[in-house]
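Since the structure comes first, as structure tokens, the remarks are kept for the end.
The values are calculated or read from the model by the stated rules, or taken from the named source; none is laboratory data. Values in this document were obtained by computation on a predicted structure and should not be read as measured data. In this analysis, Cβ positions are derived from the backbone assuming ideal geometry, glycine residues included, and neighbour counts consider all displayed protein chains. In case anyone asks, the SASA skips ligands and DNA or RNA and just uses the protein heavy atoms, side chains included. Shrake-Rupley method; radii C 1.70, N 1.55, O 1.52, S 1.80 Å.
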Amino acid sequence: MSGFRDPLRIETPTPGAATRLVIRQPDDWHVHLRDGDMLRAVVNETARQFARAIVMPNLVPPVTTVAAAEAYRSRIQAALAPGLAFTPLMTAYLTDTIDPCEIERGFETGVFTAAKMYPAHATTNSAQGVTDIQRIYHVLEVMQRIGMPLLLHGEVADHRVDVFDREAVFIERVLAKLLAAFPALRVVLEHITTEAAVAFVETAGPNLGATITPHHLVINRNAMFEGGIRPHMYCLPVAKRERHRLALRRAATSGNPKFFLGTDSAPHVVGEKESDCGCAGIFNAPVALETYAAVFDEEGALEKLEAFAAEHGPRFYGLSLNTGSIVLERTPRRVSPTMVVANTRMIPFQANASLAWTFRGRSSGAC
Ligand code: NCD
Ligand code: ZN
């Protein structure tokens, strides 16, 4: 894959000094960068930490054509801080009527890295998603043939199913059949939240991987009700019971190459969150790597962070590993309570909290 020496280093330069972790630069395999003012407000939070990111296509209207993805990619690049090297990896939004030739052309020309399947009405901006996966089986046939990964929002949108069970029911009703019908299709079950998902991914073949978010490693469902209703802790798939959080921590820190980093950072302005019908989505980009580092540290697995953050994802996608490094330091940092966007604001994940780790940026020393 890459001839570069593994840059993992855990250093304590002088006795009493903060521990530093130098790792290969990570990628974010699932992020919402939005558009317009919001894009400009959030993109550099992702770009300063990650070399590449899989950019979700659930804009309004969604990204369903090669031309729309190229235009969106240009807007992302234009919003980057000068000199910040960052590669947005674009995705196509699958609809019932998506043109398989457009998907194939986008992948073959390097514009689309993957295609995303939102079950219709399962989450934010999914109204034009897929109503029945069998309607796109001819598209999945093409994706399997050309080796294009399918990214899944793994929840059924059936309102008769309890909201906390929608991931497990998706695995039973949709995913198991999908993998049987397309054994060579590469599939990522995104932002997994349950023991059931961990077990399913572990036992499935090598074509199934999963991303794990920082927030699902840190919160369980109680966080949404801590002393009152907490809209900034609400996302989809919704956080589950404690035993599920523990299963996710075990999976992320296990070293199993099927599990990799995907933040699902999903910013919404404060008025869209604090509302009688608040949007799903946790904006974690400002604290993403620091949160993962703290989790791996707490689990006694710091030496596994690099593979989870910077190796498993590119290997799954068949892409090269990054060659640069980044530095994290075990030094406390206070998270700002709010972030400005246009004439309003957003509340980041861990707002006001003191983090145990601080991201120090890209390392100047080559690996
Ligand atoms: C995402 C968003 O806001 O776009 N929200 C979320 O809660 N994760 C959509 C998604 O990934 O489900
Ligand atoms: Zn998402």
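Annotations
- Scanning region 288-309 for residues being closer than 20 Å to Val238 by Cβ and away from ligand 1 (no atom under 16 Å from the Cβ) gives a total of 1.
- Condition met for Thr95 (more than 16 Å from ligand 2 (Cβ to nearest atom) and either part of a loop (DSSP other than H, G, I, E, B) or under 22 Å from the mean Cα position of the chain (by Cα) (or both)): yes
- The single condition among (1) away from ligand 1 (no atom under 16 Å from the Cβ); (2) over 16 Å from Pro267 (Cβ atoms); (3) of a type in the set (A, V, I, L, M, F, W, C) that Ala47 does not meet is (2).
- Matching entry among Arg135, Arg145, Arg166, Arg160 (being over 17 Å from the mean Cα position of the chain (by Cα) and within 16 Å of ligand 2 (Cβ to nearest atom)): Arg166
- When region 59-72 is filtered for residues that are open to solvent by less than 60 Å² (accessible area, probe 1.4 Å) and in a helix (DSSP H, G or I), the ones remaining, listed by number, are Val66, Ala68, Ala69, Ala71, Tyr72.
- Options Arg34, Arg40: the member that is more than 16 Å from ligand 2 (Cβ to nearest atom) and of a type in the set (Lys, Arg): Arg40
- Among (1) out of contact with any helix residue (DSSP H, G or I) (no Cβ under 6 Å at 6 or more places or on another chain); (2) on the phi < 0 side of the Ramachandran plot - the single one Phe86 does not satisfy: (1)
- For region 279-319, the set of residues classified as within 16 Å of ligand 2 (Cβ to nearest atom) and either of a type in the set (Gly, Ala, Ser) or over 21 Å from Met56 (Cα atoms) (or both) consists of Ala280, Gly281, Ala285, Ala288, Gly313, listed by residue number.
- Ala81 being surrounded by 23 or more Cβ atoms within 10 Å (Cβ to Cβ) and more than 16 Å from ligand 2 (Cβ to nearest atom): no
- Within region 206-265, the residues that satisfy the criterion of being outside any loop (DSSP other than H, G, I, E, B), open to solvent by 20 Å² or more (accessible area, probe 1.4 Å) and of a type in the set (A, V, I, L, M) are Val218, Met233, Leu246.
- Region 253-274 residues that are without any contact (Cβ under 8 Å) to a residue 12 or more places away in the chain and over 13 Å from Pro214 (Cβ atoms), paired with ones that are open to solvent by 10 Å² or more (accessible area, probe 1.4 Å) and more than 13 Å from ligand 2 (Cβ to nearest atom) (beta carbon under 7 Å, 6 or more apart): Glu272/Gly278
- Residue match in region 171-178 (condition: within 16 Å of ligand 2 (Cβ to nearest atom) and of a type in the set (A, V, I, L, M, F, W, C)): no
- The set of residues from region 119-136 being under 21 Å from His268 (Cα atoms), in contact (Cβ under 8 Å) with a residue 40 or more places away in the chain and away from ligand 1 (no atom under 12 Å from the Cβ) comprises just one member, Gln128.
- Answer residue from region 96-118, given it is touching a Ser or Thr at 6+ places or on another chain (Cβ under 7 Å) and closer than 21 Å to Ala266 by Cα and is most open to solvent (accessible area, probe 1.4 Å) among those: Thr113
- Residue in region 102-124 that is of a type outside the set (Phe, Trp, Tyr), within 15 Å of ligand 2 (Cβ to nearest atom), in contact with a helix residue (DSSP H, G or I) (Cβ under 9 Å, 6 or more places away or on another chain) and modelled with pLDDT under 95 present: yes
- Among residues of region 220-240, those that are free of Cβ contacts under 8 Å to residues at least 60 places away in the same chain, more than 13 Å from ligand 1 (Cβ to nearest atom) and closer than 17 Å to Glu167 by Cα, counted: 2
- If you check Thr358, Thr323, Thr338 for being touching a Phe, Trp or Tyr at 6+ places or on another chain (Cβ under 9 Å) and hydroxyl-bearing (Ser, Thr, Tyr), only one passes: Thr323.
- Entry remark, region 284-333: residues being in a helix (DSSP H, G or I), among the aliphatic types (A, V, I, L, M) and open to solvent by less than 10 Å² (accessible area, probe 1.4 Å) number 9 in total.
- Within region 148-157, tally of residues that are surrounded by 22 or more Cβ atoms within 10 Å (Cβ to Cβ) and more than 16 Å from ligand 2 (Cβ to nearest atom): 1
- Residues of region 261-280 classified as of a type outside the set (D, E, K, R) and within 20 Å of the chain's Cα centre (by Cα), total: 10
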